[in-house]
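The values are calculated or read from the model by the stated rules, or taken from the named source; none is laboratory data. Note that the structure is predicted; figures quoted are calculated from it, not measured. Cβ: placed from backbone, ideal geometry, glycine included. Neighbour counts: every protein chain shown.
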Amino acid sequence: MNRTRAIQREPIWPRIKPFLTVFDPVLSTILLSLVVFALITQYSAAFDFEGRFIDHSRNLLIAFMVMWVTANLKPQFLMRIALPLYVVGVVLLIAVELFGDISKGAQRWLNLGFIRIQPSEIMKISMPLMLAWFFQQRENVSGWREFVVASVILAIPGILILKQPDLGTALLVLGSGFFVIFFAGLSWKVLGWLTGLFLASLPVFWTLMHDYQRQRVLTLIDPTQDPLGKGFHIIQSTVAVGSGGFTGKGFLQGTQTHLEFIPERTTDFIFAVLAEEFGLLGCLVLLTLYTCLIVRGLVIAGNAPTLFSRLMAGAMALIFFTYAFVNIGMVSGILPVVGVPLPMMSYGGTAMVTLGMGAGILMSIQNTKKLIQT
């Protein structure tokens with residue numbers, strides 16, 4: 001009886017403290033800085049879109065909750081769900097191919113009756129989880145056979161997503177899986193051969209691409225060939241980026257932004273809004289924050305206690321790099337427009353949740369490392 005009363009009288013703080021101290025201070029500070037930057041830029045970009053700034057704030061809050069939940073998960077739990085999550089993702093991608101809804105010429109959505117989902121989004125996390133689990137199971141026997149099997153694991157969902165077609169998501173999924181394979185010990189010699197093979201096969205890929213994908217490449221090379229059509233996005237975004245100068249035109253003072261010359265300014269092209277209103281200085285601040293985020297993720301990967309944790313942390317860090325590099329590259333006119341959002345900055349709930357989960361995985365791995373050390 002006395003023991004029962006002692007348990008009942010135990011203060012609540014010691015019981016909830018482990019769930020509230022999972023946040024890595026360095027990573028949390030970087031993410032909070034990004035959120036502040038995102039809210040300021042999104043407020044200007046969404047000034048003429050009623051409710052969009054509130055929606056973006058809500059999406060950031062949801063991403064924060066997802067990050068907190070994921071940070072409380074143990075890497076051992078993530079290992080257990082890796083294979084089932086991958087299998088479910090592939091099955092859903094096959095279902096999309098067979099029964100998916102077609103919208104704007106693409107077959108990417110699956111209607112389950114009570115909810116409409118995009119299964120390719122699941123693969124952004126389940127792909128690196130699966131490959132990290134695979135290499136963890138073969139930690140002491142990794143050879144060329146393991147890398148071939150890993151390539152097949154990566155190729156199956158990659159091909160299914162490309163067929164939808166969804167080049168942007170396929171790029172992110174294939175990138176996240178490749179990072180795991182690279183960190184697992186893929187030699188630079190093999191990487192060189194693969195790069196050469198890829199370059200040699202570009203003519204074949206060109207014939208397999210959809211018409212709109214080929215048009216995006218041609219528009220990248222010369223956007224002035226259709227300045228009011230296909231080239232409008234790139235021309236207007238590069239004008240906005242260049243017109244910002246060193247310090248920018250000022251908050252809410254962007255002419256390209258508020259005269260509605262920048263298309264999709266709250267989503268894919270929000271970097272153009274930032275560059276116009278805050279100039280090169282604002283861009284450098286944002287790039288510095290992204291660099292710190294990626295470096296912190298790689299530090300967590302380097303200190304992780306298991307191979308699975310190291311591979312996952314490294315992949316998550318470079319996923320943030322891929323998002324930022326591809327988005328800024330397409331807005332600046334050095335990469336084709338493929339619809340990849342800017343981390344934390346672009347409006348949109350799905351990508352925000354995915355990135356929140358990725359940040360949570362990094363914190364989970366860092367928290368597990370601290371527990372092992374103590």
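Things worth noting here:
- Of all residues in segment 126-154, those that are touching a residue at least 12 places away in the same chain (Cβ under 8 Å) and in a helix (DSSP H, G or I) total 18.
- Restricting segment 157-177 to residues that are crowded, with 17+ Cβ neighbours inside 10 Å and among the β-branched types (Val, Ile, Thr), the residue that is nearest to residue 217 (Cα to Cα): 169
- Tally of residues being touching a helix residue (DSSP H, G or I) at 6+ places or on another chain (Cβ under 7 Å) and in a helix (DSSP H, G or I) across segment 327-351: 6
- Residue in segment 126-146 that is of a type in the set (Val, Ile, Thr) and modelled with pLDDT of 85 or more present: no
- In segment 93-122, the residues that are in a helix (DSSP H, G or I), crowded, with 16+ Cβ neighbours inside 10 Å, among the aliphatic types (A, V, I, L, M) and at pLDDT below 90: 96
- Any hit, segment 301-308, residues being surrounded by fewer than 18 Cβ atoms within 10 Å (Cβ to Cβ), at pLDDT 90 or above and not polar (S, T, N, Q): yes
- Matching entry among 250, 245, 229 (being at pLDDT below 85 and in a loop (DSSP other than H, G, I, E, B)): 229
- Odd one out for residue 10, checked against (1) part of a loop (DSSP other than H, G, I, E, B); (2) modelled with pLDDT of 80 or more; (3) of a type outside the set (A, V, I, L, M); (4) over 28 Å from residue 309 (Cβ atoms): (2)
- Among the candidates 61, 92, 110, residue that is in contact with a helix residue (DSSP H, G or I) (Cβ under 6 Å, 6 or more places away or on another chain), free of Cβ contacts under 8 Å to residues at least 24 places away in the same chain and either over 30 Å from residue 305 (Cβ atoms) or not hydrophobic (A, V, I, L, M, F, W, C) (or both): 110
- Residue satisfying condition, being β-branched (Val, Ile, Thr), under 26 Å from residue 342 (Cβ atoms), surrounded by 11 or more Cβ atoms within 10 Å (Cβ to Cβ) and at pLDDT below 90, within set 190, 180, 217: 217
- Against the list (1) among the hydrophobic types (A, V, I, L, M, F, W, C); (2) surrounded by 15 or more Cβ atoms within 10 Å (Cβ to Cβ); (3) modelled with pLDDT of 90 or more, the condition residue 77 fails is (2).
- So residue 219, is it of a type in the set (Ser, Thr, Tyr), part of a helix (DSSP H, G or I) and free of Cβ contacts under 8 Å to residues at least 24 places away in the same chain: no
- Screening the candidates 347, 290 for the property of being in contact with a Phe, Trp or Tyr (Cβ under 9 Å, 6 or more places away or on another chain), modelled with pLDDT under 95 and crowded, with 18+ Cβ neighbours inside 10 Å yields one hit, 347.
- Taking every residue in segment 263-280 that is at pLDDT below 95 and pairing it with any residue that is aliphatic (A, V, I, L, M) and not in a helix (DSSP H, G or I), at least 6 positions away or on another chain, the pairs with Cβ-Cβ distances below 7 Å are 266/46; 269/262; 270/342; 270/345; 271/342; 272/262; 273/262.
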